[in-house]
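For reference, the structure discussed in these notes is given below.
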Amino acid sequence: MSEAPPHPRDPWLACLGITAVFAALAWVRLTIPSGPMFDEIHYLPAARAILEDGVYLNREHPLLGKQLIALGITLFGDNALGWRIMPMIAGTLALFAAMRTMWQASFDRFATIAFGVLVASGFHLFIHARIAMLDVFMAAFLCIAAWQFTAAIREAERGRWHLAMCGVALGLAMASKWNAVPIAVLPGIAFFAARLSAGRQRLLTSTRGIPVPGISLAEAFLWLGIVPLAVYSATYLPAYGLLNSPLAEQGLIGLHREMIELQASVKQPHPYQSTWDQWALNTRGIWYLYEFTDNAQRGVLLIGNPLTMLLGLPALMWCALSGATTRNWAKIAVVVGYAASLGLWLIANKPIQFYYHYFMPSLFLLGALALTLGDLSRSKFRWASYGVLLGSAAMFALFFKILTAGPLDGPMSFVHWTWIEGWR
């Protein structure tokens, strides 16, 4: 008799534990600096204007992220805590949703826990969970959407509910930042490709076959196509009450023409601008803060974890090869997600680009590394999988002071962490 198939235990408790540790560490010095840093100078005035029915500011980006920052200000005041509490909550949710996605996609207990450790210590999510920028809201909603989409595939009996939640989250992700668009279309494409491969005669109306039995392609288009666009459009309703709002005269389409023009109009060179190859090799960072503030010299440096950003590249190639040969859809998904989210910046009409645009590609990269470590954990090189996780945590601990605006020794302290010229 053949052995029963393995049934790995859901690591939901470990997911909660990793999320709790992440939130506790993100809370450290959350209100330092006490004044705005980096792009907070753009988003905070826009959030205040929403609260005061003021002038429509920062028109080049969608409205939702600024609305969420405004909610934090409403709840906790116009201060550093009010500015950053909602990004911290979003970052925490993003981490938990990312781990749940990995579990639903792979049923690999080790890879799921590894993914949580890698993302929590990968710098990108941690830093953006502590600053009032838009990227972390986009990431949180995309992670929730991915969680719900994979849950729909695993739990067909609740597939309709999960697909609906996925659609709502996709709309909210796009309403946070347009960077979400190339990823937001992937669930719909995946559903169509899977149903097409099932060879159904009534392609649009058949409810049989993968990826979610009981849901027709036509209904999936509703949840993954119409609902996201409806939710996205609804987030602009508060903008009608803002002064000088183009919505009243131009409507939603006219506003979007203006947004596209504004996105393409930034052509002035910036000292922190970079290119996609520098992002992939982690050779160009951004100092979100480096000045004397709150009674000490302090800094916040955005780079990727020096260990895992580089190890993730061969892991990505491994996932592409082994995913294709073994039809491992989790591995294929992280490769496609990385290509889509990074590929945007190869064709985007945005001349000046920055390393924070690598935020979403870095999450897919770490997903590939987690799946690769899951493979290693079942081989004679099991020790290597634990070594990478310990190394990632060690790098996080080493850089912790300049991830959290800790007090430094003096103006030249940055040389301790800027190992290459591009990080200075």
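Just name the residue that is least open to solvent (accessible area, probe 1.4 Å) out of those in region 47-71 that are without any contact (Cβ under 8 Å) to a residue 24 or more places away in the chain and within 22 Å of the chain's Cα centre (by Cα). Steps first, please.
Of the residues in region 47-71, the ones without any contact (Cβ under 8 Å) to a residue 24 or more places away in the chain are 51-52, 57-58, 70-71.
Filter again for within 22 Å of the chain's Cα centre (by Cα), leaving 58, 70-71.
Values: Asn58: 23, Ala70: 4, Leu71: 74 Å².
So, considering only residues that are without any contact (Cβ under 8 Å) to a residue 24 or more places away in the chain and within 22 Å of the chain's Cα centre (by Cα), the one least open to solvent (accessible area, probe 1.4 Å) is Ala70.
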Out of the residues in region 103-124 that are open to solvent by 10 Å² or more (accessible area, probe 1.4 Å) and among the aliphatic types (A, V, I, L, M), state the one that is nearest to Leu16 (Cα to Cα). Ile113
Apart from one, (1) small (Gly, Ala, Ser); (2) under 19 Å from the mean Cα position of the chain (by Cα); (3) over 22 Å from Ile113 (Cβ atoms) all hold for Gly367; the odd one out is (3)
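Filter region 413-424 for residues that are part of a helix (DSSP H, G or I) and either hydrophobic (A, V, I, L, M, F, W, C) or open to solvent by 70 Å² or more (accessible area, probe 1.4 Å) (or both) and give the result.
If we filter region 413-424 for residues that are part of a helix (DSSP H, G or I), which is where we start, we get 413-416, 421-423.
Selection gives Phe414, Val415, His416, Glu421, Trp423.
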Are any residues in region 36-82 small (Gly, Ala, Ser) and in contact with a Ser or Thr (Cβ under 7 Å, 6 or more places away or on another chain), and if so, which ones? Gly65, Ala80
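Kindly establish whether Leu247 is open to solvent by less than 50 Å² (accessible area, probe 1.4 Å), in contact with a helix residue (DSSP H, G or I) (Cβ under 7 Å, 6 or more places away or on another chain), aliphatic (A, V, I, L, M) and within 30 Å of Trp329 (Cβ to Cβ).
Details: open to solvent by less than 50 Å² (accessible area, probe 1.4 Å): yes; in contact with a helix residue (DSSP H, G or I) (Cβ under 7 Å, 6 or more places away or on another chain): yes; aliphatic (A, V, I, L, M): yes; within 30 Å of Trp329 (Cβ to Cβ): no.
When the stated conditions are applied, Leu247 does not pass them.
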Thr275 meets each of (1) open to solvent by less than 10 Å² (accessible area, probe 1.4 Å); (2) closer than 30 Å to Phe123 by Cβ with one exception, condition (1)
For region 25-44, does any single residue satisfy the condition of being at positive phi, surrounded by fewer than 18 Cβ atoms within 10 Å (Cβ to Cβ), of a type in the set (D, E, K, R) and in contact (Cβ under 8 Å) with a residue 60 or more places away in the chain? no
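In region 198-216, which residue that is over 14 Å from His162 (Cα atoms) and open to solvent by less than 20 Å² (accessible area, probe 1.4 Å) is nearest to the chain's Cα centre (by Cα)?
Step one: filter region 198-216 for residues over 14 Å from His162 (Cα atoms), giving 198-210, 216.
Retained after the next criterion (residues that are open to solvent by less than 20 Å² (accessible area, probe 1.4 Å)): 206, 216.
Details: Ser206: 34, Ser216: 29 Å.
Selected residue: Ser216.
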Looking at (1) touching a residue at least 60 places away in the same chain (Cβ under 8 Å); (2) among the small types (Gly, Ala, Ser); (3) open to solvent by less than 10 Å² (accessible area, probe 1.4 Å); (4) under 24 Å from Gln278 (Cβ atoms), which one does Ala405 not meet, given that it meets all the others? (4)
Taking region 371-396, which residues are outside any helix (DSSP H, G or I) and either of a type outside the set (Lys, Arg) or surrounded by 13 or more Cβ atoms within 10 Å (Cβ to Cβ) (or both)? Ser379, Phe381
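Is at least one residue of region 157-165 within 30 Å of Ala394 (Cα to Cα), touching a Phe, Trp or Tyr at 6+ places or on another chain (Cβ under 8 Å) and open to solvent by 10 Å² or more (accessible area, probe 1.4 Å)? Before the answer, list the steps.
Filtering region 157-165 for residues within 30 Å of Ala394 (Cα to Cα) gives none.
Taking every residue of region 157-165 in turn, none turns out to be within 30 Å of Ala394 (Cα to Cα), touching a Phe, Trp or Tyr at 6+ places or on another chain (Cβ under 8 Å) and open to solvent by 10 Å² or more (accessible area, probe 1.4 Å).
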Unmet criterion (only one of (1) surrounded by fewer than 19 Cβ atoms within 10 Å (Cβ to Cβ); (2) within 23 Å of Phe399 (Cα to Cα); (3) out of contact with any Leu (no Cβ under 6 Å at 6 or more places or on another chain)) for Leu13: (2)
Limited to region 397-412, what total is found for residues that are closer than 22 Å to Leu25 by Cα and either part of a helix (DSSP H, G or I) or aliphatic (A, V, I, L, M) (or both)? 9
Just to be sure I understand, how many residues within region 3-46 are within 21 Å of the chain's Cα centre (by Cα) and of a type in the set (Val, Ile, Thr)? 3
Picking from Ala296, Ala320, Ala264, Ala315, which residue would you name as being surrounded by fewer than 20 Cβ atoms within 10 Å (Cβ to Cβ), closer than 24 Å to Trp419 by Cβ and over 19 Å from the mean Cα position of the chain (by Cα)? Ala296
Would it be correct to say that Trp345 is open to solvent by 10 Å² or more (accessible area, probe 1.4 Å), over 30 Å from Leu30 (Cβ atoms) and in a helix (DSSP H, G or I)? no
Sole exception among (1) open to solvent by 10 Å² or more (accessible area, probe 1.4 Å); (2) in contact with a Leu (Cβ under 6 Å, 6 or more places away or on another chain); (3) over 30 Å from Asp39 (Cα atoms) for Ala152, by number: (1)
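The values are calculated or read from the model by the stated rules, or taken from the named source; none is laboratory data. Everything quoted here is computed from the prediction, not taken from an experiment. Every residue, glycine as well, gets a Cβ built from its backbone with ideal geometry; the counts of neighbours run over all protein chains shown. Please note that ligands, DNA and RNA were not included when accessible areas were found on the heavy atoms of the full protein model with its side chains. Shrake-Rupley method; radii C 1.70, N 1.55, O 1.52, S 1.80 Å.
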